[in-house]
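S.K.: Here it is, the structure in full.
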4 protein chains.
Amino acid sequence: MPKISEEKRQARRDQILAASWRCFSRRGIHSTSMEDIIREANLSSGAVYLYFQSKEELCLAAFSSAFQQMRLLLVPILTREEPYPPSILVREIAKVITFHAQRDQLNFGVAFLMGWGEAPFNPKVKELVGDGQRMYREALIAIVHKWQKRGDIPAYGKPATSPKRFSRFLGFIVQSAFIGEIDPDTAAKRLRD
Amino acid sequence: MPKISEEKRQARRDQILAASWRCFSRRGIHSTSMEDIIREANLSSGAVYLYFQSKEELCLAAFSSAFQQMRLLLVPILTREEPYPPSILVREIAKVITFHAQRDQLNFGVAFLMGWGEAPFNPKVKELVGDGQRMYREALIAIVHKWQKRGDIPAYGKPATSPKRFSRFLGFIVQSAFIGEIDPDTAAKRLRD
Amino acid sequence: MPKISEEKRQARRDQILAASWRCFSRRGIHSTSMEDIIREANLSSGAVYLYFQSKEELCLAAFSSAFQQMRLLLVPILTREEPYPPSILVREIAKVITFHAQRDQLNFGVAFLMGWGEAPFNPKVKELVGDGQRMYREALIAIVHKWQKRGDIPAYGKPATSPKRFSRFLGFIVQSAFIGEIDPDTAAKRLRD
Amino acid sequence: MPKISEEKRQARRDQILAASWRCFSRRGIHSTSMEDIIREANLSSGAVYLYFQSKEELCLAAFSSAFQQMRLLLVPILTREEPYPPSILVREIAKVITFHAQRDQLNFGVAFLMGWGEAPFNPKVKELVGDGQRMYREALIAIVHKWQKRGDIPAYGKPATSPKRFSRFLGFIVQSAFIGEIDPDTAAKRLRD
DNA sequence: GATGAATGAGTCTTCATTCAT
DNA sequence: AATGAATGAAGACTCATTCAT
């Protein structure tokens, strides 16, 4: 078994991270034991520790990877040269959150809820969650500016509705994670109003 | 073994619950051991188990009590015969969340974050959190109706702005818990926009 | 089970330390698991950790206690106003090392061998062993001076034979621990010559 | 799988043994993991197990090799047709122990301390250490006889000073390993007295 | 009612060893 | 011969809970 390729190494990491999220989604982070993850990943204890130094590091990597996946799905929507008009944007985001989001049992909403629950007591989690939110917030501000330029929304009056939108977005996450799976159109309707 | 009076019993429970929240606020629920709570409450292990059957039950009672306290503070604001006008209401709620909220180290924002983190894996916590949110949501709807009757806001157009408001309120909680203590006026401004 | 008395507490510590030495004597420190000690002491894992914070601390306490016991036995012999004459002293010390020494399966010789084996890698063990040796060495010097005054040994010539004696004493420990149990008279004869 | 030449095989074994002693000297036998040795030897786990069946066997070989090296250095000194006179002999031995001894980070003093620490629980180590000591002891007796014949020391009186010398030699090892590196002349002075 | 010492199942982690390549 | 990823038994330690006093 000579040195494994970097791809294979990453594949193993992903295998473990996916197993972790399946466990976390079932029982929460704190009620998930390393043994749970190990069994779910069909590996041996030693093997997991070959890829992650500790449970702490594994959890952090799990959060990091979840938010990274979310970013990968949101960025194409949020950074279009010509942004979607308001109503479409909302539906597209809702789609990502509610649909794509559930591949591998990884529910982004629940991931955020967990992240928020950990953040006050774990600076590194706080940073990860904060980074994700900052990214999203800033993209939203840029979009609103473009909307104003394009005339999709009135350019005068309260100049930026984005903080409001962002706040509602967070609220939406809470509710959708709370209520459970919902279809994108219902979700969009809720988000829109 | 003379039975203790109901008052004394409740006082002891409150003493333990307050100690619990001080611990939870410092380290989170899962990193708080029964021993931490016992020491913080200046009691013996046995004593705590005289008032709560298990850590599970104690945590549930702690959530219940936190949301009950919040309700006690919000109800007078939300159920006035003549509701506060929009801008004032927002400030009053913000006051409660950010200021009164911190008696006994119990930060309502963090309590909600914790509740959301637990809810997906604990039906009883889910119920408690859900009840609190429902109460708030319904009160908000009633207020909006009164505002419309009174002419504080336009009666036509999108009939209920309350879900929107509610969603933003949840988002606000996330952000305020995340950012840390902020004064009520800043908070109100953020909530209003 | 109200607060245990200081005596009982010490008794428990001694019970654990005695069990530790029985285990250490059988398999050595490193091959002795906490579970071995726990079983030998007829206690539960938790109980042992109530008295010693870690295996490390327990081992240290075990060394400390072993050397302390040895000191308790040697001091009366080494600090007599009128020291034993050379030949008797040697027999008395040999007695202690070979006979009393084996109560509770604690063989002082083996304890020293273990201490020497640990000392180079554990500063605290080094200190404990070093302290014991210093004590013995100094007592020996004092005795030799008294012998010279009293005329038991010539006062002129090489003034202090104590380092020599001390070195031989250490060598004797190695050999006796190595050979196993021997009776005090044989031991004395060996030490004397 | 072309069989490697016996020389090459021995060279690899020596490479591993040298690496082992460097590790043992740093952290002790029990705190040295196979991985430590493997990394220190710049080999793979599999390779080491090609030359030694187990950690146990490797340790035994390490002791064996250490004592063998010591023998190689001492035998020319101890078996001269015309032995060194007492004072010179002592210096020459001290030289070997303190100076030559440290090639490859292998400190003979520490090796003995370790051997003594293991011997009570490992018959094979006991045998190795015992053999070394016997060899030295016997060589010393032979030398003393020659000294007496030659008149270097009185032939009458206590017939054999060798056991005494031997014991002091062991004590010296303990002390020198304990104190750390010292130069041969100081060492000789200590040994002589 | 109250105490706190004791319990022991469960957790994370390490490490000697193997074996497919 | 050599590699190093994988294994899994074993180890140290924690902590919710109990119960004799």
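Nothing in this text is a laboratory measurement; each read-out follows from the coordinates by a stated rule. Since the structure is predicted, the reported quantities are computational estimates derived from the model, not experimental observations. Cβ coordinates were reconstructed from backbone atoms using ideal geometry, including for glycine residues, and neighbour counts include every protein chain displayed.
S.K.: So, by mean Cβ neighbours within 10 angstrom, what's the order for A:52-58, A:37-43 with the highest one leading?
M.R.: Highest to lowest by the protection proxy: A:37-43, A:52-58.
S.K.: Other chains' Cβ within 10 Å of D:112-125 residues: what's the mean?
M.R.: Taking the mean over all residues of the peptide, I get 6.
S.K.: Please compute the average number of Cβ atoms from other chains found within 10 Å of each residue's Cβ in peptide C:171-178.
M.R.: The shielding value for this peptide is 6.
S.K.: Let me ask something else about it. In Å, what Kirkwood hydrodynamic radius results for chain A from the alpha-carbon pair distances?
M.R.: 18.1
S.K.: Any idea how far the Cα center of the stretch B:34-91 sits from the one of the stretch A:50-88, in Å?
M.R.: Spelled out, the Cα-based centre of one part sits 35 Å from the other.
S.K.: List D:31, D:20 from most exposed to least, where exposure is judged by having the fewest other Cβ atoms within 10 Å.
M.R.: With the fewest neighbours first, D:31, D:20 line up as D:31, D:20.
S.K.: What would the Debye equation give as log₁₀ I(q)/I(0) for the protein assembly as shown at q = 0.07, 0.10, 0.11 Å⁻¹, counting only Cα atoms as equal point scatterers?
M.R.: -0.75, -1.04, -1.16
S.K.: Residue of D with Cβ nearest the axis relating D to B, plus distance in whole Å?
M.R.: Residue of D nearest the axis onto B, distance in Å: D:31, 15.
S.K.: Follow-up question, since we're still on this one. Just from its helices, what would the mean residue ellipticity at 222 nm be for the protein assembly as shown, if runs of 4 or more DSSP H residues each count -39500 (n - 2.57) and the sum is divided by every residue, rounded to the nearest 500 deg cm²/dmol?
M.R.: Theoretical 222 nm ellipticity from helices: -23500 deg cm²/dmol.
S.K.: For each pair in C:164/D:164; A:126/B:126; C:55/D:124; B:124/B:164; C:189/D:149; B:55/B:124, compute the distance between the two Cα atoms and list the pairs where it is over 19 Å.
M.R.: Among C:164/D:164; A:126/B:126; C:55/D:124; B:124/B:164; C:189/D:149; B:55/B:124, the Cα-Cα distance tops 19 Å for A:126/B:126; C:55/D:124; B:124/B:164; C:189/D:149.
S.K.: Another question, then. Whole-Hz Karplus ³J(HN,Hα) for the stretch C:57-73, in order, using 6.51 cos²θ - 1.76 cosθ + 1.60 and θ = phi - 60°, x for Gly and Pro?
M.R.: Each residue of the stretch C:57-73 in turn: 5, 4, 4, 4, 4, 5, 4, 4, 5, 4, 5, 5, 4, 4, 4, 4, 7 Hz.
S.K.: Once you put a point 7 Å from the Cα of residue A:124 and another 7 Å from the Cα of residue D:145, both along the Cβ direction, what distance in nm separates them?
M.R.: If labels sit at residue A:124 and residue D:145, their model points lie 7.0 nm apart.
S.K.: If I stretch the segment between residue B:138 and residue B:44 completely, what's the gain in nm (0.36 nm per residue apart, minus their alpha carbon distance), one decimal?
M.R.: 29.6 nm
S.K.: So if each residue of separation counts as 0.36 nm, and I subtract the Cα-Cα distance between residue D:55 and residue D:27, what length gain in nm does that give?
M.R.: The residue D:55-residue D:27 span can extend by a further 8.5 nm.
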